[in-house]
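Student: This is the structure I have questions about; it appears just below.
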Amino acid sequence: MTTEISIFAALAALAALAVLVHRNRGTRKQSEAEVNAWKLRLELDLKNAREERNLLLDALGDAFLLVDSDANIRFANEAARSLFGARELVNRPVREAFLDPRLADALLRCLATGEPVQSRVVLPQQTSPRGDLENRGVNAWIIDAAQLSNPSDGQDPTTRVIIRDVTAQHQIEQVRKDFVANASHELRTPLAIINGYLENLLDDDMIEEPEMARRFLTIMRKHADRISRIVEDMLVISRLESGEANALKVEPFKFRSCIKDILERLESVIRNQQAEVSVIMPDPALVLQGDRFYWTQVLFNLVENALKQNPYTGLKVGVGCERAGDSVRIWVTDNGVGIPSADLPHIFRRFFRVEKHHSQQEIKGTGLGLSIVKRAIEAHGGTISVTSVPGSETKFLITVPRELG
Ligand code: ADP
């Protein structure tokens, strides 16, 4: 009996065990499915987060790269991809991806030290990151590299790199530097002449000879006048460029009165050169909206240039103004020596002069007249262009929008 009971008990225990095992197997299956579902959900979340991150980084205007500790690029945003054109970036070492080692240097320094690095790189056209697309000549970039705050699980750090195109600023700085260099050069010449005559007068006692002293002083005055003219012109350019252009005194004025003013001011030159000046204005009552002071200066510089560059008798000068659709067109023409076609693209540059003119020695320009003209017109929202057939017609053509001009 006891044996039967024992067998029965054993059977019951076995049955219970079987039930337990069965139940356990079910639970394991269920938890495996749960784990898989979690894994899927996590992967999906990760994918979504990555897509969202890429979307945000693609929206950045600057090129953005993520680089691993072995200096391999792991991510490149839209701006970086278009900056480097057809070149493959992701999974390439930075030294290979960047054509010029100077571009990689800042980043590699950051990788080596772990310290953030910001550096400005100026490159020649051939090694621009834009490759064949680069057409701006010397190009400038700011490389900003810093390690991302580190993940806690001991993974290697990732470094983010921002590459910002600062070529436009670089060019503006260059123009300013050139301006200062040219201005100093232009001022140095008359100053040296004045100093030379002063030395003669004082050290060599020429002051005792009134005739000679008077001659020297007259020359000195001429050069002092030139210095003041250059300084005046530079101040006008600087005013026009400093944003004060927004503070132009815009008011309606009759363009005809502007022409009348400048012809009066140039009357003696016109008479001496026996120049023939014709004014073409289909609507003599045409009213412009603008700063009359600058428009007078624009016209004066253009007509004076025509006369100054052709100091002989019989020159023909034309000044015109007419409505043309939504714009007003203003022009100044002459039939003088003209401007060689190779010089035309540079003619509005500060201190630019055509050296080849025979009469250049006698022409006392500052080389700033046309720069003033261009900036004043641009401040009024207009444009100026020039064409020249030497001996036939040199034409400066201005177009200004009607509301403004
Ligand atoms: P400048 O003060 O020397 O006249 P501008 O800037 O007014 O300087 O002109 C720059 C140069 O452009 C002049 O030195 C001259 O060589 C050339 N130029 C301008 N206008 C004319 C013109 N109507 N005919 C021939 N050359 C011109």
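The values are calculated or read from the model by the stated rules, or taken from the named source; none is laboratory data. The structure presented is a predicted model; accordingly, all values stated were derived computationally and were not measured. Neighbour counts run over all protein chains shown; Cβ positions are idealised from the backbone, glycine included. Heavy atoms of the whole protein, side chains included, go into the accessibility calculation; ligands, DNA and RNA do not. Shrake-Rupley method; radii C 1.70, N 1.55, O 1.52, S 1.80 Å.
Student: Within region 45-124, considering only helices (runs of 4 or more DSSP H) that don't extend past its boundaries, which have at least 3 residues that are outside the structural domain of S149 (by TED's automatic domain parsing) and more than 26 Å from the chain's Cα centre (by Cα)? Working first, answer last.
Tutor: Working: elements: 78-83, 94-97, 101-113.
Of the helices (runs of 4 or more DSSP H) lying wholly inside region 45-124, none has at least 3 residues that are outside the structural domain of S149 (by TED's automatic domain parsing) and more than 26 Å from the chain's Cα centre (by Cα).
Student: Another one. Mind counting the residues in region 262-294 that are hydrophobic (A, V, I, L, M, F, W, C) and touching a Gly at 6+ places or on another chain (Cβ under 9 Å)?
Tutor: Initially, region 262-294 is screened for residues hydrophobic (A, V, I, L, M, F, W, C), giving 262-263, 266, 269-270, 275, 277, 279-281, 285-288, 293.
If we keep only those that are touching a Gly at 6+ places or on another chain (Cβ under 9 Å) too, we end up with 275, 277, 279-281, 288.
So the answer is 6.
Student: Related question: Exactly one condition in (1) within 28 Å of A224 (Cβ to Cβ); (2) in contact with a Phe, Trp or Tyr (Cβ under 9 Å, 6 or more places away or on another chain) is false for T167; which is it?
Tutor: (1)
Student: Based on this model, can you work out whether E186 counts as surrounded by fewer than 15 Cβ atoms within 10 Å (Cβ to Cβ) and assigned to a helix (DSSP H, G or I)?
Tutor: No: the conditions fail for E186.
Student: Away from the ligand (no atom under 15 Å from the Cβ) and either outside the structural domain of F396 (by TED's automatic domain parsing) or open to solvent by 40 Å² or more (accessible area, probe 1.4 Å) (or both): is that true of D283 in this structure?
Tutor: In short, yes.
Student: When you look at L57, is it among the hydrophobic types (A, V, I, L, M, F, W, C), free of Cβ contacts under 8 Å to residues at least 60 places away in the same chain and surrounded by fewer than 15 Cβ atoms within 10 Å (Cβ to Cβ), yes or no? Explain how you work it out, then say what you get.
Tutor: Details: among the hydrophobic types (A, V, I, L, M, F, W, C): yes; free of Cβ contacts under 8 Å to residues at least 60 places away in the same chain: yes; surrounded by fewer than 15 Cβ atoms within 10 Å (Cβ to Cβ): no.
Against the criterion (among the hydrophobic types (A, V, I, L, M, F, W, C), free of Cβ contacts under 8 Å to residues at least 60 places away in the same chain and surrounded by fewer than 15 Cβ atoms within 10 Å (Cβ to Cβ)), L57 does not qualify.
Student: Let me ask something else. For region 312-350, how many residues are more than 11 Å from the ligand (Cβ to nearest atom), surrounded by 17 or more Cβ atoms within 10 Å (Cβ to Cβ) and not in a strand (DSSP E or B)?
Tutor: Matching residues across region 312-350 total 0.
Student: Any chance you could count how many residues in region 369-391 are away from the ligand (no atom under 12 Å from the Cβ) and outside any strand (DSSP E or B)?
Tutor: We begin by selecting, within region 369-391, every residue away from the ligand (no atom under 12 Å from the Cβ); these are 376-383, 385.
Filter once more, so that each one left must be outside any strand (DSSP E or B): 376-382.
Summing the residues that are away from the ligand (no atom under 12 Å from the Cβ) and outside any strand (DSSP E or B) in region 369-391 gives 7.
Student: What is the residue count in region 108-156 for residues that are open to solvent by less than 40 Å² (accessible area, probe 1.4 Å), among the acidic types (D, E) and modelled with pLDDT under 90?
Tutor: Residues flagged as open to solvent by less than 40 Å² (accessible area, probe 1.4 Å), among the acidic types (D, E) and modelled with pLDDT under 90 within region 108-156 amount to 1.
Student: Listed residues E251, E241; which is within 16 Å of the ligand (Cβ to nearest atom), open to solvent by 60 Å² or more (accessible area, probe 1.4 Å) and among the charged types (D, E, K, R)? Lay out the reasoning, then the answer.
Tutor: On the way: E251 fails: within 16 Å of the ligand (Cβ to nearest atom).
Exactly one of E251, E241 is within 16 Å of the ligand (Cβ to nearest atom), open to solvent by 60 Å² or more (accessible area, probe 1.4 Å) and among the charged types (D, E, K, R), namely E241.
Student: Mind telling me which of the residues A16, A71, A63, A37 ends up being at pLDDT below 90 and not polar (S, T, N, Q)? So that I can check it myself, show each step before the final result.
Tutor: Numbers: A71 fails: at pLDDT below 90; A63 fails: at pLDDT below 90; A37 fails: at pLDDT below 90.
Exactly one of A16, A71, A63, A37 is at pLDDT below 90 and not polar (S, T, N, Q), namely A16.
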